[in-house]
Amino acid sequence: MISRSWRNLCRRYSQTVTFRTTESSPSQHNEKQIGLFYSVNHDLCKQLFAYGGLPKSFAKQTKTFTETAIMVRQPALDLIDCIKASDFNKPVIRYVMYGEKGSGKSLTLAHLLHYAYEEGYLIVHVPWVSEFLRRVPRHKEMSNSQTREGFVDLPLDVAAWLLHFKTQNQVLLKNTELKISRDYVWSKRESTVAGSPLSQLVEHGINRVKYACDVLDALVYEIKQLSNSKQCKTFVAIDGFNGFFCPLTRLHTPTKKKVKPEEVTLTGSFLELAKNDWSNGVVVVTADQLALPDDHQDSYLPRYLLYKKGFELLDPFVPIEVGRYTDKEFLSCASYYRDRLWLRGPPEIETELKFTSACNPYKFMEQCAPL
Amino acid sequence: MALCFSVKHLFPISKCYVKNIILNNVCKYTSKNVPTTNHALDNMTDWETLSKKKKISKAMKAYLERAKEHDEFMKKQEFEYKIGKRHLANMMGEDPETFTQKDVDRAIEYLFPSGIYDPAARPLMKPPEEVFPARKAAEFDEAGRPHHFLFYTGKPNFFKLLHDGAEHIQQAYNFEDKVIRKKAVPDPNGELNIDNSIWLTKEQLEQVLVESITDLEYDNFKLLMERLISLPYAYRHKEFIEKYRKPLVTQRFALEIPKPSYDDEGRAFVTTYECLRKKARGDVTIRVPGTGKITINGKDLTYFEDVQPREQVMFPLFFTNMQDRVDVECNIEGGGPSGQSGAIRWGIAWGLRSFVDKDMLEKMQVAGLLTRDHRRRERKKPGQPGARKKPTWKRR
């Protein structure tokens, strides 16, 4: 056993590693590192992606590979360049990432989140919209909204998301500079006064699950205010954004009435963030086929996936396509898999795999699994 | 009558009334013309002169009767065939004198189109010698004594063959002994080439011998012949051996490889039409030189969702190592992914013939890339859940 691991170690470090870059800060990444992997610090990974953010299959793989290695790809670099070059006094610029299934939209988003974290953005990250609207576990906590007539609350989901928000921004929230601008009265005894820190608002939402949705509304408003007043800069990342626009959710009220996405309170809050009536922020959303029901997956282009409603809401936006692997990326990925012993066998199989997977990152990973 | 002679076993009964009209006419025609055709049959067994001899055994008598019957039958069939041919020629509006067997086949196919799967079951009109198996001539003289020394084995021709074979082996041994005694070297030119031929099959051997033989007997025949050709001087008996061997058909496809044409960019291309498998139909164009780009109905390889059909498509390319030297364009419709990919696979392999060398061509042939898959979906049978699947057996 020892000799085997020794042999593996020798093999691993005897050759020059061509698929890895030591540059672990996304802000320093440039064209030279395209197609190379960088590993994300484990603690940071736990902080950013503990409640989702990495696709499930990739999360499983990080466990197998004992590291979180993300490939530096062109779309992420483009986006970073755009963000660097943009003027933060102007209204926020919306970026829409689109691409075929399994082409790495979520991982590009993860890369960008890492960048945003490094740059000290306040991160508002929704890991997967369909988690709220389309995934219905046996006991989905639902209640009618008390503040808004005819709306539905998902208090537990929102509370969980607030926790996610808190962990992602634990450094920034310690800063007491971030103060809220309005008084919020939740009930006779409970209220949050103006001037108390933002973290208190979040804490309230987590502790008093009943008010989580209202807290979310308030939070969105406060974040916008803070950004406008240059107290912080905000990075909004919403994965599977088009899930907000599908005709029906899978939820239904106790009276068996189907719920539309716009009747859920959290939809309104997050859509508020996607509008460009505020500044000093970045909005990155993805349009994904998987976020929609099976009968609406014919094309991967944003106009089709976002429906008319979503397209009009986001317009104007910067479309960014996340494509399949290029030859260089494919080779680097294959050698990474070989290094991790995920792919073995004669070198010819790589050309075959390139063919059968059609350079689709997810398909490639899946097809290597039994090899 | 004439037309119906050999066709009558095969025609559907519903056409009988048409035949009867012809039949009546022909019968009249026949009775008038019988005397004139007699001279053509002189080469048949002369049973009349034979039967005049007084001392005749019972076996001979029975044989003569049978032979007479058979000869008459054949004569009649022959006559009917000729008449039928003339009728057919008239029906087709051609000259009856120059109407050949080929024309007959064509006319029959035209007048009686048949969709029956097995060609042997389709209507036919052939000369009677081809339809009825040959019969043995008399095997004994008037006194009832057999001509053949192996007559009482029941299969004289077959055992004569074995006898001859054994004799040839013996001769080969003797010759070898002689050569050794003289200390001579064997003739280097005398080589027996058996690579391009095979032994006659059992059915073919039966036809040659005019006797039916059992499997065991056929095995014995092969054993004997194998032993003969394994001897060093077997080439001296080449003539005997080759009588019982059949040459292998040379591979036909090698001759018909199309020359690629050139498009306006100067690239060579070959289009294969009618690529079929299961219910899928399509055509495949191969362009050389290319970069390994594959277009299926306007999409790339992602047209197929699963790995299996993608592998099918790329297999001929990887087999010939042409994956990044050609471009492939396919139009395919009908069927499912497996059928479509199978059709494309065949089309690519068939088109690649123009761009590979002969060695590779043979390898492709051996790998089965150039073979059409003619299998179709098997129909469901009534009374059972599938084509072959039977209902679950239950005691009660």
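When segment A:241-280 is filtered for residues that are open to solvent by 10 Å² or more (accessible area, probe 1.4 Å) and among the small types (G, A, S), the ones remaining, listed by number, are A:G268, A:S279. Please verify whether B:R379 is more than 10 Å from every other protein chain (Cβ to nearest Cβ) and either assigned to a strand (DSSP E or B) or over 28 Å from B:Y117 (Cα atoms) (or both), treating the condition exactly as stated. Taking the combined requirement at face value, the residue does not satisfy it.
Which condition number does A:R4 fail, the rest of (1) surrounded by 16 or more Cβ atoms within 10 Å (Cβ to Cβ); (2) among the basic types (K, R); (3) at pLDDT below 80 being met? It fails just one condition, (1). Just one residue in the set A:E203, A:E222 is acidic (D, E), open to solvent by 10 Å² or more (accessible area, probe 1.4 Å) and either free of Cβ contacts under 8 Å to residues at least 40 places away in the same chain or farther than 13 Å from A:L163 by Cα (or both); that residue is A:E203. When you look at B:K76, is it open to solvent by 70 Å² or more (accessible area, probe 1.4 Å), of a type in the set (K, R), at pLDDT 90 or above and closer than 26 Å to B:P133 by Cβ, yes or no? Considered against the rule, which asks whether it is open to solvent by 70 Å² or more (accessible area, probe 1.4 Å), of a type in the set (K, R), at pLDDT 90 or above and closer than 26 Å to B:P133 by Cβ, B:K76 comes out as yes. Restricting to segment B:352-396, and then to whatever is more than 26 Å from the chain's Cα centre (by Cα) and surrounded by 13 or more Cβ atoms within 10 Å (Cβ to Cβ), can you tell me which residue is farthest from B:V326 (Cα to Cα)? Here the answer is B:M360.
May I ask you to list the residues in segment B:148-163 that are aromatic (F, W, Y), at pLDDT 90 or above and open to solvent by 50 Å² or more (accessible area, probe 1.4 Å)?
Across segment B:148-163, the qualifying residue is only B:F159.
Scanning segment B:338-351 for residues that are over 16 Å from B:V326 (Cβ atoms) and crowded, with 24+ Cβ neighbours inside 10 Å yields B:Q340, B:S341, B:A343. When the strands (runs of 3 or more DSSP E) confined to segment B:280-341 are screened for residues that are facing chain A (nearest Cβ under 10 Å), those reaching at least 1 such residues are found at B:294-296. Highlighted here are the helices (runs of 4 or more DSSP H) found entirely within segment A:290-362 that include at least 3 residues which are open to solvent by less than 30 Å² (accessible area, probe 1.4 Å): A:327-339, A:348-357. Taking (1) hydrophobic (A, V, I, L, M, F, W, C); (2) assigned to a loop (DSSP other than H, G, I, E, B); (3) assigned by TED's automatic domain parsing to the domain that holds B:E206 in turn, B:L162 satisfies each apart from (2).
Applying the criterion of being touching a residue at least 24 places away in the same chain (Cβ under 8 Å) and in contact with a helix residue (DSSP H, G or I) (Cβ under 7 Å, 6 or more places away or on another chain) to the residues of segment A:345-360, the residue that is nearest to the other protein chains (Cβ to nearest Cβ) is A:A358. For segment B:59-95, how many residues meet the condition of being more than 26 Å from B:Y152 (Cβ to Cβ), part of a helix (DSSP H, G or I) and of a type outside the set (V, I, T)? Total meeting the criteria: 20. In segment A:225-240, which residue that is more than 15 Å from A:A194 (Cα to Cα) and assigned to a helix (DSSP H, G or I) is least open to solvent (accessible area, probe 1.4 Å)? Among them, the one singled out is A:S227.
Residue-wise test of (1) in contact with a Phe, Trp or Tyr (Cβ under 9 Å, 6 or more places away or on another chain); (2) in contact (Cβ under 8 Å) with a residue 60 or more places away in the chain; (3) of a type outside the set (D, E); (4) not assigned by TED's automatic domain parsing to the domain that holds B:K243.
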{"site": "B:A166", "(1), (2), (3), (4)": "no, no, yes, no"}
{"site": "B:I169", "(1), (2), (3), (4)": "no, yes, yes, no"}
{"site": "B:A172", "(1), (2), (3), (4)": "yes, yes, yes, no"}
{"site": "B:E176", "(1), (2), (3), (4)": "yes, no, no, no"}
{"site": "B:S197", "(1), (2), (3), (4)": "no, no, yes, no"}
{"site": "B:L200", "(1), (2), (3), (4)": "yes, no, yes, no"}
{"site": "B:E206", "(1), (2), (3), (4)": "yes, no, no, no"}
{"site": "B:V210", "(1), (2), (3), (4)": "no, yes, yes, no"}
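The values are calculated or read from the model by the stated rules, or taken from the named source; none is laboratory data. This one's a predicted model, so the numbers in the text were calculated from it and none came from an experiment. Reconstructed Cβ throughout: ideal geometry from the backbone, glycine too, with neighbour counts over all protein chains shown. Please note that ligands, DNA and RNA were not included when accessible areas were found on the heavy atoms of the full protein model with its side chains. Shrake-Rupley method; radii C 1.70, N 1.55, O 1.52, S 1.80 Å.
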